[in-house]
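One structure is given here, and the rest of the page talks about it.
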Amino acid sequence: MTNDSVKIPTGIFGGSFDPPHFGHAGILRSFFREFPDCKEVFLVPNLQNPLKGEKTSSPEAILEMLQLFVSEFEENVTILDLELKREGPSYTVRTLEELGSSYPEREFYLLIGEDNYSNFHEWKDWKKILGSVKTVCVFRRTSETIPENPELGEVSSKFTFLNNPLLPVSSTELRREFGISRENRGVPANLRNYIEKKGLYRT
Ligand code: ATP
């Protein structure tokens, strides 16, 4: 049996990443800064967020964009494609089960944005999710103060708010902006070039 105290702390950051942007980069940088013992984050692109509906780019394009995105980090940011390969909605509870089996020596920190904090109690088996992670690290996008979710009740202590800079960018907004102009500044230059080359988000 592995002793909990020697497990390797590892972040898990899931999302559509269509496209990845400076908000996502800010989350990763804040996490590595505030959890210096954590040397690796698993980036888990989803096929279809059950609460969001369809996405627009192919899994191949998402993976290629993420490879460009992670090349900017000195830390270990590892892209895992398990949700892209799985049929049906990408439920986090299932991903955590699979990762728990594949990496029994790890202890997981789940990274989410504040919008997912406010609907966390609607996630499938959300209490089970809380049982399989050490902490849920929440990043603010627009809130100056720490938001509340009264639905979480006594398990609120499982959530930690990070001191991230507010970068109120979203992929939805970027997709719309790319449809209008190719001069978008919400993504790094290498990604902008890729999006241009592949003609993504053209309307
Ligand atoms: P979309 O606009 O398509 O919904 P998004 O910009 O919210 O996408 P996702 O890939 O869905 O990006 O986000 C992955 C995770 O990152 C989610 O938990 C989301 O809340 C969080 N997140 C995304 N953008 C930001 C941001 N600018 N600041 C803080 N958290 C963010």
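Just from its helices, what would the mean residue ellipticity at 222 nm be for the chain, if runs of 4 or more DSSP H residues each count -39500 (n - 2.57) and the sum is divided by every residue, rounded to the nearest 500 deg cm²/dmol?
About -10000 deg cm²/dmol.
Take the Cα radius of gyration of region 159-203 and divide it by 2.2 N^0.38 Å, with N its residue count; two decimals is plenty.
1.40
Could you give the length gained by full extension between Asn149 and Glu72, i.e. 0.36 nm per residue of separation minus their alpha carbon distance, to one decimal place?
The span from Asn149 to Glu72 would gain 24.3 nm if fully extended.
DSSP loop trypsin sites (Lys or Arg not before Pro) in region 143-203 with at most 10 other Cβ atoms within 10 Å of their Cβ, which ones?
Arg202
So if each residue of separation counts as 0.36 nm, and I subtract the Cα-Cα distance between Ser181 and Glu97, what length gain in nm does that give?
Here the answer is 26.1 nm.
With a Cα-only, solvent-free Debye model of the chain, what are the log10 I(q)/I(0) values at q = 0.09 Å⁻¹?
These q points yield log10 I(q)/I(0) values of -0.34.
Evaluate the relative contact order of the chain (contact order divided by residue number), counting alpha-carbon pairs under 8 angstrom at least 6 apart; express in whole percent.
26
Of Phe22, Phe35, Phe69, which is the most mobile in a GNM of the chain whose springs link Cα atoms less than 10 angstrom apart?
Phe35
Ala189 to Lys7: FRET efficiency via 1/(1 + (r/R0)^6), r the Cβ-Cβ distance, R0 45 Å, to the nearest 0.05?
After rounding, the FRET efficiency stands at 0.75.
Going Cα to Cα from Lys198, which aspartates and glutamates come in below 14 Å? Please leave out same-chain ones fewer than 8 positions away.
Cα-Cα hits under 14 Å: Asp18, Glu60, Glu64.
Provide the net charge surrounding Arg182, with neighbours chosen by a C-beta distance below 14 Å and charges set as Lys +1, Arg +1, Asp -1, Glu -1.
Details: positive: Arg175, Arg176, Arg185, Arg192, Lys197, Lys198, Arg202; negative: Glu177, Glu183, Glu196.
Once positives and negatives cancel, what remains is +4.
At a Förster radius of 25 Å, what calculated FRET efficiency corresponds to the Cβ-Cβ distance of Arg141 and Thr56, to the nearest 0.05?
0.75
Readers should treat all values here as calculations from the given coordinates under stated rules, not as data from a laboratory. Note that the structure is a prediction, hence the values are computed from the model and not measured. Every residue, glycine among them, receives a Cβ derived from its backbone with ideal geometry; neighbour counts consider all protein chains shown.
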